[in-house]
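Since the structure comes first, as structure tokens, the remarks are kept for the end.
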Amino acid sequence: MARYLLLKHYRGAPEAVNPVPMDQWSPEEVRDHVRFMADFADRLTDTGEYVDSHALAEEGTFVRYDGEGRPPVTDGPFAETKDLIAGWMMIDVDSYERALTLAGELSAAPGAGGRPIHEWIEVRPFLTAPPTIAE
Amino acid sequence: MNELLLRELTPAVIGVLVRRGVDFATAEDAVQEALVQAVLTWADGPPDDPRGWLITVAWRKFLDLRRAEVSRRDREQAVDAEPPAGPVEDVDDTLRLFFLCAHPSLTRASAVALTLRAVGGLTTRQIAAAWLVPEATMAQRISRARRRVEGVRFEQPGEASTVRRVLYLIFNEGYTGEVDLAAEAIRLTRQLASLTDDAETRGLLALMLLHHARRPARIRQDGSLVPLADQDRSRWDTSLITEGVAVLQAALARDRLGEFQAQAAIAALHADAPRAEETDWPQIVDWYDELLRLTRSPVVRLNRAVAIGEADGPAAGLAALAAVDAGLPRRAAAAAYLHEKTGDLANAARLYAEAARSAVTLPERHHLAEQAARIRQTLRG
């Protein structure tokens, strides 16, 4: 069993094939997109591969400690390049290949015109205990 | 210890119901309900014949389940058909349950969950907690697995190697819930070994015992890793080591070597050394040669190179490492270690840092980053 985080990016990932921003979709297109996501999560619950998922707010803030007694530095020099994570889904699957397959399906969520958006999904393995091997 | 007793009895009771013609999924449900009732009513200790009690209650639960779904006449027939509860041969049933739960048609995730529930007697909640997934997710995984093996005839023999692989996976999960999965895997492997006359299953049991014996010394209180050479050997569990070695020797005497026996032999040689410097590295290299012959695994090739580095010196180790696939996790860590031994500190520091970036666990990443920092400090003088 291996656990992966599937990450959707607002920015910072290569451009999607169907890159019309969501705020320019029709209400029906938005509903279809949301339903696709919900169905996907339901299906993975049925297969026993779903762990958790959440969408995140569009704006994030970078914070850094800036020395004793000073306020933390927020959102300093990185505003141009910052990569915003739109949402994530945690899955618990048999193999890396399975994680890639599911990420591929998630990437086919419908967007403008009901066509798949082909967005990039980042697949990040969890760091977990290694299998016991003889030292 | 009622709970452990209940879990030990679980596979036999499921087996009896299936043998009486109940389908596997229903039998499993009925037994889970009987277990719940047992937990409630055995508070002051188990009855004289716990197994007979469980079979009787599980059979009643099955009839209840059946009553809910069939007509009144069918119900009466079922009651009439009720056989008397009594001693039933259960050894073969438990073994078949092991094979069924590790059936090759199941994914590894499903096989693990089903084995823990049907053979191990764990509840869905406990299994979900151990894997840190929602209970509903685990419930679905288990019921899908049960549907998948529904058509599998109970008599069909499975692959013993698949069962061992499932138990090994359970052992490696460690513990995050209320049940220690390593201990549970040992208990189940013990049970499997008692049911089969099989050298490799005993090899697996020995391997688990020997690794488990070292667990108290392997991780510091802050969660950081302690390398084998630095472990406080007085914290190893000597009774587990003694048992592991005895199980291994009996297995090896059968003269049917397999990879688990070879791995256990290496673990035993480590366990046998009173101090790290007294480790019998030449013999460990011999066992890695055997293991390589049995598995051809790149991980084994890597470990063998490290062992050669200890037996014949770091230069020999580096030469052996040259044949290991460059993309293998932990290869950089092994190379760093060997380079440091040859005195090539600059390369060692660079390789430790590289290894830290590709580490597969957080404690490992921290450990390797610390090694890199330590050597850089030395280099700066």
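The values are calculated or read from the model by the stated rules, or taken from the named source; none is laboratory data. These numbers come from a predicted model, not from an experiment. Cβ placement follows ideal geometry from the backbone for every residue including glycine, while neighbour counts extend to all protein chains displayed. The area values use the complete protein model at the heavy-atom level, side chains included, leaving out ligands, DNA and RNA. Shrake-Rupley method; radii C 1.70, N 1.55, O 1.52, S 1.80 Å.
Per the conditions (1) surrounded by fewer than 19 Cβ atoms within 10 Å (Cβ to Cβ); (2) within 14 Å of another protein chain (Cβ to nearest Cβ), the sole criterion not satisfied by residue B:170 is (1). Taken as a whole, the condition of being in contact with a Leu (Cβ under 6 Å, 6 or more places away or on another chain), open to solvent by less than 40 Å² (accessible area, probe 1.4 Å) and not hydroxyl-bearing (Ser, Thr, Tyr) does not apply to residue B:269.
Against the test of being of a type in the set (Lys, Arg), within 17 Å of the chain's Cα centre (by Cα) and either away from every other protein chain (no Cβ under 11 Å) or at positive phi (or both), the options B:146, B:117, B:125 yield a single qualifying residue, B:117. You will find that of B:33, B:3, the residue that is acidic (Asp, Glu), within 23 Å of residue B:98 (Cα to Cα) and modelled with pLDDT under 90 is B:3 and no other. What are the pairs, 6+ residues apart or on separate chains, where a residue within region B:316-332 that is closer than 21 Å to residue B:357 by Cβ has its Cβ under 7 Å from a residue that is among the polar types (S, T, N, Q)? Close Cβ pairs (under 7 Å, with a partner that is among the polar types (S, T, N, Q)) amount to B:329/B:358; B:332/B:358.
Here residue B:374 passes the criteria (1) under 31 Å from the mean Cα position of the chain (by Cα); (2) more than 14 Å from chain A (Cβ to nearest Cβ); (3) open to solvent by 60 Å² or more (accessible area, probe 1.4 Å) except the one numbered (1).
Going through (1) in contact with a Lys or Arg (Cβ under 8 Å, 6 or more places away or on another chain); (2) under 29 Å from residue B:321 (Cβ atoms); (3) outside any loop (DSSP other than H, G, I, E, B) one by one, residue B:301 falls short only on (1). Only residues that are among the polar types (S, T, N, Q) and farther than 20 Å from residue B:286 by Cβ: list them for region B:206-259, please. Passing the criteria: B:221, B:224, B:231, B:234, B:238, B:239, B:242. At pLDDT 80 or above, loosely packed, with under 14 Cβ neighbours inside 10 Å, outside any loop (DSSP other than H, G, I, E, B) and not hydrophobic (A, V, I, L, M, F, W, C): does that describe residue A:122? It is false that residue A:122 is at pLDDT 80 or above, loosely packed, with under 14 Cβ neighbours inside 10 Å, outside any loop (DSSP other than H, G, I, E, B) and not hydrophobic (A, V, I, L, M, F, W, C). Scanning region B:327-370 for residues that are within 14 Å of another protein chain (Cβ to nearest Cβ), charged (D, E, K, R) and in a helix (DSSP H, G or I) returns B:331, B:357, B:364, B:365. Flag: residue B:252 matches the condition of being more than 23 Å from residue B:278 (Cα to Cα) and more than 14 Å from chain A (Cβ to nearest Cβ).
Filtered by the rule that a residue be surrounded by fewer than 19 Cβ atoms within 10 Å (Cβ to Cβ) and either under 17 Å from residue B:68 (Cβ atoms) or β-branched (Val, Ile, Thr) (or both), region B:38-58 gives B:39, B:41, B:56.
A Cβ distance below 8 Å, combined with a sequence gap of six or more or placement on separate chains, defines the contacts here; from region A:9-20, residues that are at positive phi reach residues that are of a type outside the set (Phe, Trp, Tyr) in the pairs A:12/A:81; A:12/A:82; A:12/A:83; A:12/A:84. Taking the criterion of being closer than 21 Å to residue B:189 by Cβ, open to solvent by 30 Å² or more (accessible area, probe 1.4 Å) and assigned to a helix (DSSP H, G or I), the residues of region B:1-37 that qualify are B:3, B:4, B:5, B:8.
The residue of region A:41-75 that is least open to solvent (accessible area, probe 1.4 Å), among those that are away from chain B (no Cβ under 14 Å) and hydrophobic (A, V, I, L, M, F, W, C), is A:73.
For residue B:96, the test of being modelled with pLDDT under 95, basic (Lys, Arg) and in contact with a Phe, Trp or Tyr (Cβ under 8 Å, 6 or more places away or on another chain) is passed. Filtered by the rule that a residue be of a type in the set (A, V, I, L, M) and farther than 30 Å from residue B:359 by Cβ, region B:222-262 gives B:245, B:246, B:247, B:248, B:250, B:251, B:252, B:253, B:257. Of all residues assigned to region B:276-287, at least one qualifies as being in a helix (DSSP H, G or I), within 12 Å of chain A (Cβ to nearest Cβ) and over 22 Å from residue B:231 (Cα atoms).
Taking the criterion of being within 14 Å of chain A (Cβ to nearest Cβ), among the hydrophobic types (A, V, I, L, M, F, W, C), surrounded by fewer than 20 Cβ atoms within 10 Å (Cβ to Cβ) and without any contact (Cβ under 8 Å) to a residue 40 or more places away in the chain, would at least one residue in region B:217-233 satisfy it? Yes, because at least one residue in region B:217-233 is within 14 Å of chain A (Cβ to nearest Cβ), among the hydrophobic types (A, V, I, L, M, F, W, C), surrounded by fewer than 20 Cβ atoms within 10 Å (Cβ to Cβ) and without any contact (Cβ under 8 Å) to a residue 40 or more places away in the chain. Counting just the residues of region B:130-140 that are among the small types (Gly, Ala, Ser) and over 22 Å from residue B:38 (Cα atoms), which one comes out farthest from the other protein chains (Cβ to nearest Cβ)? The qualifying residue farthest from the other protein chains (Cβ to nearest Cβ) is B:130. For the residues B:308, B:284, the requirement of being over 17 Å from residue B:352 (Cα atoms), in contact with a His (Cβ under 8 Å, 6 or more places away or on another chain) and at pLDDT 95 or above singles out B:284.
When every residue of region B:199-220 is checked against the conditions, at least one turns out to be touching a Ser or Thr at 6+ places or on another chain (Cβ under 9 Å) and under 22 Å from residue B:337 (Cα atoms).
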